[in-house]
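Written out below as structure tokens is the structure these notes cover.
The values are calculated or read from the model by the stated rules, or taken from the named source; none is laboratory data. A quick note: this is a predicted structure, and the numbers were derived from the prediction, not measured. Here Cβ is always computed from backbone atoms with ideal geometry, including for glycine, and neighbour counts include all displayed protein chains.
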Amino acid sequence: MINVYAPQTNGGKRDLWAKIDKVLQEGHGWWIVLGDFNAVRESNERKNSYFDHVCARDFNDFLDNTGLHEYSLKGSKFTYLVNRQGVCKMSRIDRIFVCDGIFNKRPSSCVRTLRKVHSDHAPLVLTLIDTNFGPKPFRWFDSWLDRTGCEELVKSVLLDWSDMDPPDVNLIKKVRKASD
């Protein structure tokens, strides 16, 4: 795991990224690289502050060269928020990147921003646990009762019940099968 606090200058950032790239190339195992990169990847990741095209290009090149991946961000679009003289500047400069091994093993993971309390940076949480709870619950619309054959279909499904799946999943499968 590498914790990053990148310098402000583009040259300083390039030097740091080269050092990180070297560590990743020489090391073995899985990597998580996280912290304040003081850089954004796209212009829409900044609001009310200057977007540096050169810095963004260098940052994206660094990520392409190292093969690091980024999970989707949940909670807030921006990780850095500061109010200076009545102007709220917002950027996504804090990030968590992972290597191929982690990304491929946990593709549905995400990064979540928490409420900022003691800093102008929002804390980030990397969630590697799959929170997919299966299919969405079955929905019933009252208007279906007016359809021809609806009542007979429901009765046939209930009479031919199987406990192999959870009841809502079983009902969904049977309704799909009956409507084909």
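When you scan region 137-145, do you find a residue that is closer than 21 Å to residue 10 by Cβ and in contact with a helix residue (DSSP H, G or I) (Cβ under 7 Å, 6 or more places away or on another chain), even just one? Within region 137-145, not a single residue is closer than 21 Å to residue 10 by Cβ and in contact with a helix residue (DSSP H, G or I) (Cβ under 7 Å, 6 or more places away or on another chain).
Among the residues making up region 104-130, those that are in contact with an Asp or Glu (Cβ under 9 Å, 6 or more places away or on another chain) and among the hydrophobic types (A, V, I, L, M, F, W, C) are 111, 122, 124. Within region 47-84, can you find the residues that are under 30 Å from residue 26 (Cβ atoms) and of a type in the set (D, E, K, R)? Result: 52, 57, 58, 61, 64, 70.
Sort through 131, 113, 148 and tell me the only one that's in contact with a strand residue (DSSP E or B) (Cβ under 9 Å, 6 or more places away or on another chain) and at pLDDT 70 or above. On inspection, the qualifying residue turns out to be 113. Taking the condition modelled with pLDDT of 95 or more and touching an Asp or Glu at 6+ places or on another chain (Cβ under 6 Å), does residue 58 pass? The answer is no for residue 58.
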